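Below is one structure, written out as structure tokens; comments come after it.
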Amino acid sequence: MTTWLGLAAAFFWGSGDFSGGMGVKAAGGRLSGALRVVLLSHATGLTILLAIVLLAHDAAPHGALLAWGILAGIAGGGGVVMFYIALARGAMGASAAISGLLTAAIPAVVAVWVDGAPGIQKVIGFAVAGGAIWLIASASGHEARGTTGLAILSGAGFGIYFVALRFAGTSGSIFWPMATSRMASVTLCGLMLLTLRMRGQAGENTLTRNAVAWAIGTAVLDTSGNLFFLAAARAGRLDVAAVLASLYPATTILLAAIWLKEAPTRRQACGMALAVVAVLLITV
């Protein structure tokens, strides 16, 4: 079950990243545009999640669960802004290699402390998955130029987000941890945009109808990916769920090939084949 849930998370996250990158491109590719896209996307997701928990009469989290949810929102919100800017500044997937590796590595390290050391076959599978992520998402030096720092920051943010969301969702409703994290990310992005506006750096509102459509699509896809990941982390080990979900760049690359005619390179095709081997090693 963890396998399929983790892979479903990878599919929806990769689709959401493609949609978010397209939204930021449509919004101008600048920090202010990225903040507006993420703010709209996360606010839409929050609205959907709040409607669900209110209709289901789920009890709101408190104490440590609430704190973990807030940390998840801050780390994830900051990470996604950096990642979308990196995507918008280069070819789709240009900065996803470093980001994807950090996204998988941080939860894997934490899982050793929480769940104990994995078996040798899983460790080999994690290493193979790391190689697959790098091959799938890595780009030429020209494409990745100027985005390495953004990729590192986004990867660290996503890795912390995985861990915090796992701890926020240890019990109770599966929707409240997501809603809590979205409240925090909406607040963070709103404050960042307000700061830019006060400094006169926000520029004009570049959310065209096209950008809004991509942002709303991102909300649905990203929220679905988060819910699948949380379900996967509950069903099994955190490191297994995180590493499988971190194969999301494959979906981004495939969608870029279909939509933008960015043909996958031979290196990326080898990475996708290697990802299949990694999934088998981790799950069999």
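The values are calculated or read from the model by the stated rules, or taken from the named source; none is laboratory data. Just so we're clear, the structure is a prediction, and the values are computed from it rather than from any experiment. Neighbour counts run over all protein chains shown; Cβ positions are idealised from the backbone, glycine included.
How many residues does the range 114-129 hold that are surrounded by 13 or more Cβ atoms within 10 Å (Cβ to Cβ), farther than 22 Å from residue 167 by Cα and β-branched (Val, Ile, Thr)? The qualifying residues number 3. Against the list (1) under 28 Å from residue 43 (Cβ atoms); (2) more than 18 Å from the chain's Cα centre (by Cα); (3) touching a residue at least 12 places away in the same chain (Cβ under 8 Å); (4) in a helix (DSSP H, G or I), the condition residue 205 fails is (4). A search for C-beta distances below 7 Å between a residue of the range 210-232 that is touching a residue at least 60 places away in the same chain (Cβ under 8 Å) and more than 14 Å from residue 177 (Cβ to Cβ) and any residue that is not in a helix (DSSP H, G or I) and not β-branched (Val, Ile, Thr), counting only pairs 6+ apart in sequence or on different chains, returns 211/27. A single member of 185, 224, 181, 173 is touching an Asp or Glu at 6+ places or on another chain (Cβ under 9 Å) and buried (at least 18 other Cβ atoms within 10 Å of the Cβ), and it is 173. What do you reckon, is residue 51 free of Cβ contacts under 8 Å to residues at least 60 places away in the same chain, under 20 Å from residue 153 (Cα atoms) and either touching a helix residue (DSSP H, G or I) at 6+ places or on another chain (Cβ under 8 Å) or surrounded by fewer than 24 Cβ atoms within 10 Å (Cβ to Cβ) (or both)? The answer is no for residue 51. Can you find even one residue in the range 109-116 that is part of a helix (DSSP H, G or I), at pLDDT below 80 and over 17 Å from residue 275 (Cβ atoms)? Scanning the range 109-116 turns up no residue that is part of a helix (DSSP H, G or I), at pLDDT below 80 and over 17 Å from residue 275 (Cβ atoms).
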